[in-house]
Amino acid sequence: MYESKTTRPVSNAVFARRLLVHVLVSLALLTLSLAAGMAGYMVFEHLGWIDAFLNAAMLLGGMGPVNAPVSNAGKLFAGLYALYAGLVFLIGVAFIFTPILHRLLHTFHWSEKL
């Protein structure tokens, strides 16, 4: 996906574009996850869209739900969505930091070859 260790590190412009793509993909994943969480809270807990947004956003942010689920289906959804939200957070952070860490390690390895 990226340049090999035998090639020169990419220019700052190429790196900035690469980082922007990673940030945009992470934001798309976050947006889709937020929409899925809102839909689940609206269907299973019969919350309004603003309360569904708040609960889904709080779970995705790692804070926990605001409204405690009352139905069994809502409790099951909230639990599964909480597990999913934790993974989305980790995947999003890792995906954003991947090009940064690659460039850092590639630059160190390249400087050894000069």
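Table for the structure above
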| read-out | value |
| --- | --- |
| Which numbered condition Glu45 fails, given (1) open to solvent by less than 60 Å² (accessible area, probe 1.4 Å); (2) among the charged types (D, E, K, R); (3) out of contact with any Pro (no Cβ under 6 Å at 6 or more places or on another chain) | (3) |
| Test result for Ala82, surrounded by 14 or more Cβ atoms within 10 Å (Cβ to Cβ), farther than 19 Å from Leu27 by Cβ and either at pLDDT 95 or above or out of contact with any Phe, Trp or Tyr (no Cβ under 9 Å at 6 or more places or on another chain) (or both) | yes |
| Cross-chain or 6+ apart pairs with Cβ under 7 Å, the range 70-82 first and under 9 Å from Phe44 (Cα atoms) and polar (S, T, N, Q), then assigned to a helix (DSSP H, G or I) and at pLDDT 95 or above | Ser71/Phe44 |
| Close pairs from the range 5-16: first more than 10 Å from Arg103 (Cα to Cα) and open to solvent by 60 Å² or more (accessible area, probe 1.4 Å), partner at pLDDT 85 or above and of a type in the set (Phe, Trp, Tyr), Cβ under 7 Å, at least 6 apart | none |
| The range 55-79, subset among the hydrophobic types (A, V, I, L, M, F, W, C) and open to solvent by less than 30 Å² (accessible area, probe 1.4 Å), residue farthest from Ile96 (Cα to Cα) | Ala78 |
| Subset of the range 101-114 [under 12 Å from Pro9 (Cα atoms) and at pLDDT 60 or above] | His102, Arg103, Leu104, Leu105, His106, Thr107, Phe108, His109, Trp110 |
| Odd one out for Val25, checked against (1) touching a residue at least 12 places away in the same chain (Cβ under 8 Å); (2) farther than 29 Å from Phe108 by Cβ; (3) β-branched (Val, Ile, Thr) | (2) |
| Residue check for Ala52: under 14 Å from the mean Cα position of the chain (by Cα) and surrounded by 18 or more Cβ atoms within 10 Å (Cβ to Cβ) | no |
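The values are calculated or read from the model by the stated rules, or taken from the named source; none is laboratory data. Only a predicted model underlies this, so the values are computations on that prediction, with no experimental measurement involved. A quick note on method: Cβ atoms are made from the backbone with ideal geometry, for glycine too, and the neighbour counts reach across all protein chains shown. Areas reflect the complete protein model, heavy atoms only, side chains present, ligands, DNA and RNA absent. Shrake-Rupley method; radii C 1.70, N 1.55, O 1.52, S 1.80 Å.
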